[in-house]
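Chemist: Shown below is the structure under consideration.
The values are calculated or read from the model by the stated rules, or taken from the named source; none is laboratory data. Please read all numbers here as calculations on a predicted model, not as lab measurements. Don't worry about glycine lacking a Cβ; one is built from the backbone with ideal geometry, like all the others, and counts go over all protein chains shown. Ligands, DNA and RNA are stripped out before the accessible areas are found, and what is left, the full protein with its side chains, is counted by its heavy atoms. Shrake-Rupley method; radii C 1.70, N 1.55, O 1.52, S 1.80 Å.
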Amino acid sequence: MEPIDELFFEEHPVDFLVSHGYRHIIKQSVLDRFPRRAVNLHISYLPWNRGADPNLWSFIENTPKGVSIHYLDAGIDTGDIIAQKLVEFGLGETLRTTYARLQAEIAQLFAGHWSRICAGTCHAVKQKGAGSFHRIADHKKVVHVLTKGWDTPIDDLEKAGAEWRRSRGPA
């Protein structure tokens, strides 16, 4: 998919911008068209795992797992949080099953908050703490731990992540 720009909205008038799984940075000139009407659905518990591959990094870095809805701003996954949910995973889960679960959780969270988001009556809070951020290119640093691709058990990811963190030394 090509990045959206101002021309897109001139050809396709819309009232609200909802981003989910969109891999491009939305320009400020586009966001200016949607004050408090541009939200992102992100499969991480922000501020943890902003950017790319949030589900993978939550296991590699042993950070909170969950989903967040936030307003879009000029940063990457840095906007005020509208709603969040922590999600726990059990034994026998894989990267694939956790991704599917996070997708279902974010859809449910969005459905439960959409009317208030759309009406502009939802409460939002600033993100707290430094959290973490990953670029698409960071995936190369840990791709070796995906021994079974998307079907890699999360237990294996957590063990490999612990080894990877030890090899990097203190932060």
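Chemist: Check each of the GluC sites (Glu not before Pro) in the stretch 1-71 and keep only those in coil by DSSP with at most 12 other C-beta atoms within 10 angstrom; list them in order. Please list the in-between numbers first.
Modeler: On the way: sites: Glu6, Glu10, Glu11, Glu61; in loops: Glu61.
Sparse-neighbourhood loop GluC sites (Glu not before Pro): none present.
Chemist: Per-residue accessible area for Ser19 at 1.4 Å probe radius, Å² rounded to 10?
Modeler: 10 Å²
Chemist: The stretch 84-147: which GluC sites (Glu not before Pro) are DSSP loop and have at most 13 other beta-carbon atoms within 10 angstrom? Walk me through the numbers on the way to the answer.
Modeler: Details: sites: Glu88, Glu93, Glu105; in loops: Glu88, Glu93.
Answer in residue order: Glu88.
Chemist: In addition: So how many Å³ per residue does the convex hull of the Cα atoms of the chain work out to? Spell out each step's value before the answer.
Modeler: Working: hull volume 20.8 nm³, N = 171.
Hull volume normalised by residue count: 121 Å³.
Chemist: Also, I was wondering about something else. Over the chain, what relative contact order in percent results from Cα pairs under 8 Å that are six or more residues apart?
Modeler: On the way: 263 pairs, mean separation 40.6, N = 171.
For the chain, the relative contact order is 24 percent.
Chemist: Per DSSP H run of at least 4 residues, take -39500 (n - 2.57); add these up for the chain, divide by its residues and hand me the 222 nm value, nearest 500 deg cm²/dmol. Intermediate values should be presented prior to the final figure.
Modeler: Numbers: 6 runs with 61 residues, N = 171.
One gets -10500 deg cm²/dmol as the mean residue ellipticity at 222 nm.
Chemist: Let me ask something additional. Pull up all non-local amide H partners of His20: gap of 5 or more, or a different chain, and H-to-H distance under 5 Å with H placed in the peptide plane.
Modeler: Leu41
Chemist: So what's the gap between the Cα centers of the stretch 27-73 and the stretch 138-171, to the nearest angstrom?
Modeler: Cα centroid to Cα centroid, the span is 22 Å.
Chemist: For the stretch 47-151, which trypsin sites (Lys or Arg not before Pro) pass both filters: DSSP loop (anything but H, G, I, E, B) and at most 14 other C-beta atoms within 10 Å? Write out the running numbers ahead of the final one.
Modeler: Details: sites: Arg50, Lys65, Lys85, Arg96, Arg101, Arg116, Lys126, Lys128, Arg135, Lys140, Lys141, Lys148; in loops: Lys65, Lys126, Lys128, Arg135, Lys148.
Loop-located and lightly packed - Lys126, Lys128, Arg135, Lys148.
Chemist: A further question follows. With all protein chains present, calculate the accessible area of His42 using a 1.4 Å probe and round the result to the nearest 10 Å².
Modeler: Looks like 20 Å² after rounding.
Chemist: Radius of gyration and Dmax for the stretch 85-171's Cα atoms, expressed in Å?
Modeler: Here Rg and the maximum Cα pair distance are 16.9, 49 Å.
Chemist: Could you tell me which of Gln28, Leu95, Ala74 has its Cα farthest along the dipole of the chain towards the positive end, charges placed at Cβ (Lys, Arg +1; Asp, Glu -1), taken about the Cα centre?
Modeler: Leu95
Chemist: First compute the accessible area of the chain with a 1.4 Å probe, then give the percent of it belonging to carbon and sulfur atoms. Present the calculation step by step, with values, prior to reporting the outcome.
Modeler: On the way: 5400 of 9700 Å².
The C+S portion of the solvent-accessible surface of the chain is 56 percent.
Chemist: Averaged per residue, what accessible surface does the chain expose to a 1.4 Å probe, in Å²? Don't skip to the end; give the middle numbers.
Modeler: Working: 9700 Å² over 171 residues.
Accessible area per residue, the chain: 57 Å².
Chemist: If you don't mind, another one. State the antiparallel share, in %, of DSSP beta bridges confined to the chain, rounding to the nearest 5.
Modeler: Among the beta bridges of the chain, antiparallel pairing accounts for roughly 65 percent.
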